[in-house]
1. Out of everything in the stretch 30-63 that is touching a residue at least 24 places away in the same chain (Cβ under 8 Å) and polar (S, T, N, Q), what residue ends up being farthest from ligand 1 (Cβ to nearest atom)?
2. Just to check your reading of the model, which residue among His214, His219, His203 is farther than 17 Å from Leu83 by Cβ, touching a residue at least 60 places away in the same chain (Cβ under 8 Å), open to solvent by 10 Å² or more (accessible area, probe 1.4 Å) and within 12 Å of ligand 1 (Cβ to nearest atom)?
3. Say we look at the stretch 128-166 and pick out the residues that are assigned to a loop (DSSP other than H, G, I, E, B) and of a type in the set (Asp, Glu); which of these is modelled with the highest pLDDT?
4. Condition test on Arg26, is it part of a helix (DSSP H, G or I) and within 16 Å of the chain's Cα centre (by Cα)?
5. Residues to consider are Gly141, Gly129; find the one that is away from ligand 2 (no atom under 16 Å from the Cβ), open to solvent by 10 Å² or more (accessible area, probe 1.4 Å), more than 15 Å from Glu186 (Cα to Cα) and free of Cβ contacts under 8 Å to residues at least 12 places away in the same chain.
6. Provide a single number: the residues in the stretch 12-29 that are within 16 Å of ligand 1 (Cβ to nearest atom) and within 17 Å of Thr51 (Cβ to Cβ).
7. Name the residues in the stretch 170-186 that are within 19 Å of Ala81 (Cβ to Cβ), away from ligand 1 (no atom under 13 Å from the Cβ) and either touching a residue at least 40 places away in the same chain (Cβ under 8 Å) or part of a helix (DSSP H, G or I) (or both), would you?
8. Answer with yes or no whether Ala192 is closer than 30 Å to Asn64 by Cβ and either in contact with a Ser or Thr (Cβ under 9 Å, 6 or more places away or on another chain) or part of a loop (DSSP other than H, G, I, E, B) (or both).
Amino acid sequence: MQPELLANDIGVAFGRTEILHGVCMRARAGELTAIVGPNGSGKTTLMRVLTGELASGTGDVSLNAHPLAGMKPWELASLRAVLAQSVTLSFPFTVREVVQLGLSSGWNARTADAAVLVENALELVDLAGFEGRYYQQLSGGEQQRVQFARVLTQIWQPMDEDGPRWLFLDEPVSSLDIRHQLQIMEIAKNYAERGGGVIAVMHDLNLTAMFADHVVVMHKGRVAAAGAPGEVMNDALLAHVFGCHLKVGKAPPPGTAFVLPHSAYG
Ligand SMILES: Nc1ncnc2c1ncn2[C@@H]1O[C@H](COP(=O)(O)OP(=O)(O)OP(=O)(O)O)[C@@H](O)[C@H]1O
Ligand SMILES: [Mg+2]
């Protein structure tokens, strides 16, 4: 059986407000799974449950057939890495120190040459030579790529003897220019192609259509649709979920879907 993430009947409430209602989803290792949906539809809340950060009121999650609930923090840290939607650092860390935070929570701290790994990760995200710069003095997009490098160093190899590792990315390209959006998505896709699992919350539907193997569409705390991008990305569903007018087309071969925004109102 292909290793996978399975979430079953996830329910979350904050106080009396129910945010997620009976969410079920599946993501396979070797694939890039995108979670899309409007602001407030529950994507980040779902990601926090999938990564083990937030306990759900109902339901359970398993990763590579192991229930998350039974895992120790160090087991989780060697199995999956998490890029949060926003990261604030209140101390004057250098870029090197931020990326090294990934090493301290994963297996690499013991088995790899830390300095080389940090350099490799920074080079991969187009930040070679930034090691000594202060994180707070970087641009928003540079900071986001440093955080991506940190996450990668935590689980640098997509597979080990225990199976695939998992990248959880909450809006990994939200601050990036078009070239770096493509670059980060290509790194994530490559991680999946080498056997790892990747789950990414995305707002850009065109990048989603280009890179995702599987798309989960969230709407008001429920899964509105799930499947291959070509199946779930259609005018009617997207207009219903996002509440605006748009047109899904097909680019020249290989026929990737693209979404043309039309208007926010009728
Ligand atoms: N800790 C919390 N306490 C109370 N309400 C919360 C909490 N976290 C999230 N919510 C609410 O849950 C809903 C879903 O939030 P969530 O962050 O999951 O949305 P999202 O789909 O990630 O949105 P976005 O695209 O804006 O990031 C929102 O209405 C939000 O206000
Ligand atoms: Mg969010």
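The values are calculated or read from the model by the stated rules, or taken from the named source; none is laboratory data. Everything numeric here is computed off the predicted structure, so don't read it as measured data. Note that we place each Cβ from the backbone using ideal geometry, even for glycine, and neighbour counts take in every protein chain shown. Remember, those area values only see protein heavy atoms, side chains included, never the ligands or the DNA or RNA. Shrake-Rupley method; radii C 1.70, N 1.55, O 1.52, S 1.80 Å.
1. It comes out as Ser62.
2. His219
3. Among them, the one singled out is Glu131.
4. no
5. Numbers: Gly141 fails: free of Cβ contacts under 8 Å to residues at least 12 places away in the same chain.
Gly129 is the lone residue from the list that is away from ligand 2 (no atom under 16 Å from the Cβ), open to solvent by 10 Å² or more (accessible area, probe 1.4 Å), more than 15 Å from Glu186 (Cα to Cα) and free of Cβ contacts under 8 Å to residues at least 12 places away in the same chain.
6. Of the stretch 12-29, the ones within 16 Å of ligand 1 (Cβ to nearest atom) are 12-23, 25.
Pick out the ones that are also within 17 Å of Thr51 (Cβ to Cβ) and you get 12, 19-20, 23, 25.
Counting residues in the stretch 12-29 that are within 16 Å of ligand 1 (Cβ to nearest atom) and within 17 Å of Thr51 (Cβ to Cβ) gives 5.
7. Scanning the stretch 170-186 gives Gln183, Ile184, Met185, Glu186.
8. Yes: the conditions hold for Ala192.
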